[in-house]
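The values are calculated or read from the model by the stated rules, or taken from the named source; none is laboratory data. Quick caveat, the model's predicted, so the values are computed rather than measured. Here the Cβ positions follow ideal geometry from the backbone for every residue, glycine too, while neighbour counts run over all protein chains shown. The protein model used for the area step is the full one, side chains on, heavy atoms only, and it has no ligands, DNA or RNA in it. Shrake-Rupley method; radii C 1.70, N 1.55, O 1.52, S 1.80 Å.
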Amino acid sequence: MLKYFFVLLLSLFGASYLSAQNLTRNAEISLITCSPGTQELYAYFGHSAFRVKDTSTNTDIIFNYGVFDFDTPNFYWKFIQGKLKYELAIQPTYHFFQMYANEGREVKEEKLLLTAEEKKDVLNYLEWNYKPENRYYTYDFFYDNCSSKIWDVVKSQLHTDYECNIDNYEEKTFRQMLHEYLENATWIYFGIDIALGLPADKTADFEEQMFLPDYLSQNMSLVSREDTISGKRGILDKENIVIRKQEKEQNEVMLGNIMNPVLIAWMLFIGVVLLTFFGKYNFKRWFDVIFFSLSGLLGVFFLFLWVGTDHTAMNANMDMLWANPFSILFVITFIRQRTRLIQVFTFLLLISVLVLLVGWFFLPQQFHPAIFPLALLILLRMLNSLFTYFFNYGQRSFALKYVRK
């Protein structure tokens, strides 16, 4: 859903095929929903598009909002900043379907139950949106993507009021909805989960859920409006499976699912417990330098995503309670043996991780399960640091007093 790379074969189409004025009564506009894939990260959540088909004019094309250009100047920097422009593209349906068939992914089609005038209005809008000056938009993962765009177009061109059957709407946060697609990709699940901030824990309303292709199809099927002949009727026809999913045999469990982040985090915690009570000082010292350098850099990255980019889904990330940017300062003072400053940052990190642990079930952000043992690890190392400081400082203070006497 997020990022598809297509070759635009517009030379195959005459300009007349793209005109709403040439639509005949045989014209159909459909919602295309492609199942999630596993080959690329951007495929994990599926994909949505419009299909415009008119047998009378041999028109069969896809309007696809999920395209961007790799040749964009400063491509990677714009992508990191959330400033990369996505665009509406037009593609031959055959080539679009062939790509998903090659990946073994399911493609289903649901015709939009629109009047002739509404079909023209939808196509008119798509033609206008495809103009070079209009086709680009700033992508937003939750609120403005290839899936949400489709509902925005459809609802804006309906000539009659519609209503949503919210009785069958299940309340979920954005984060919970994403989890449904990542259960079998444990490390991707972990990476996305810790990168998302507080906005991901907002409950998505009926229309906001449509940022995911499956939910777009599901929720649009719950939209209805008055019909002068049949009373209420939906806006989507029954689904038609265009390409069936190819089930691949899995004879062995992926190593990534066995050695998952939760297991690794608990193993690391147990190792640190043993290190703390039985390890030599130099080993503890090097572990603290490496671990808190990495967690501090991760916290700086989270802070950058919040204040330095337009990725709104990553704002106000409370994972900085454990991946604290101040860990960097702790490491610097620790290496330089600035005792007083070490204790200042130790107290700061200790309070931060205690807030996380005490508020695990009460804080407004949901945390990945692997974070709990990591937070315990930080707590243990901070308490050990304080104990070491006060024990050594107390001994020195006692010795100075004894000498003076």
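A few comments on the model shown:
- Whichever residue in region 150-168 is more than 16 Å from ARG225 (Cβ to Cβ) and open to solvent by less than 40 Å² (accessible area, probe 1.4 Å) and, among such residues, is nearest to the chain's Cα centre (by Cα): ILE150
- Taken over region 283-299, the criterion of being within 26 Å of the chain's Cα centre (by Cα) and open to solvent by 70 Å² or more (accessible area, probe 1.4 Å) is satisfied by LEU294, LEU297.
- Residue, nearest to ASN315 (Cα to Cα), within region 135-155, restricted to residues that are part of a strand (DSSP E or B) and among the aromatic types (Phe, Trp, Tyr): TYR137
- In region 254-279, the residues that are exposed (fewer than 12 other Cβ atoms within 10 Å of the Cβ) and aromatic (Phe, Trp, Tyr) form no Cβ pair under 9 Å with any partner that is assigned to a helix (DSSP H, G or I) and at pLDDT 90 or above, whether six or more places apart or across chains.
Let's see how each residue does on (1) part of a helix (DSSP H, G or I); (2) more than 26 Å from PHE141 (Cα to Cα); (3) among the acidic types (Asp, Glu); (4) in contact (Cβ under 8 Å) with a residue 24 or more places away in the chain:
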{"residue": "PHE291", "(1), (2), (3), (4)": "yes, yes, no, yes"}
{"residue": "LEU297", "(1), (2), (3), (4)": "yes, no, no, yes"}
{"residue": "LEU305", "(1), (2), (3), (4)": "yes, no, no, yes"}
{"residue": "ALA313", "(1), (2), (3), (4)": "yes, no, no, yes"}
{"residue": "ASN324", "(1), (2), (3), (4)": "no, no, no, yes"}
{"residue": "THR346", "(1), (2), (3), (4)": "yes, yes, no, yes"}
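- Checklist (1) loosely packed, with under 14 Cβ neighbours inside 10 Å; (2) under 28 Å from TYR125 (Cα atoms) applied to SER30, failing item: (1)
- Qualifying residue in region 230-238 (condition: over 27 Å from the mean Cα position of the chain (by Cα), β-branched (Val, Ile, Thr) and at pLDDT 70 or above): yes
Matching residues to (1) under 18 Å from LEU303 (Cβ atoms); (2) open to solvent by less than 30 Å² (accessible area, probe 1.4 Å); (3) at pLDDT 95 or above:
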{"residue": "ASN317", "(1), (2), (3)": "yes, yes, yes"}
{"residue": "ILE328", "(1), (2), (3)": "yes, no, no"}
{"residue": "ARG336", "(1), (2), (3)": "no, no, no"}
{"residue": "THR339", "(1), (2), (3)": "no, no, no"}
{"residue": "VAL344", "(1), (2), (3)": "no, no, no"}
{"residue": "PHE347", "(1), (2), (3)": "no, no, no"}
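- Inspection of region 183-195 identifies no residue that is touching a Leu at 6+ places or on another chain (Cβ under 7 Å), part of a loop (DSSP other than H, G, I, E, B) and of a type outside the set (Phe, Trp, Tyr).
- Every pair of residues 6+ apart whose Cβ atoms lie under 7 Å, when the first sits in region 170-198 and is among the polar types (S, T, N, Q) while the second is part of a loop (DSSP other than H, G, I, E, B): THR173/LYS202; THR186/ASN260
- Screening region 17-113 for strands (runs of 3 or more DSSP E) wholly inside it with 2 or more residues that are closer than 23 Å to ILE243 by Cβ, without any contact (Cβ under 8 Å) to a residue 12 or more places away in the chain and in contact with a Cys (Cβ under 6 Å, 6 or more places away or on another chain) returns no ranges.
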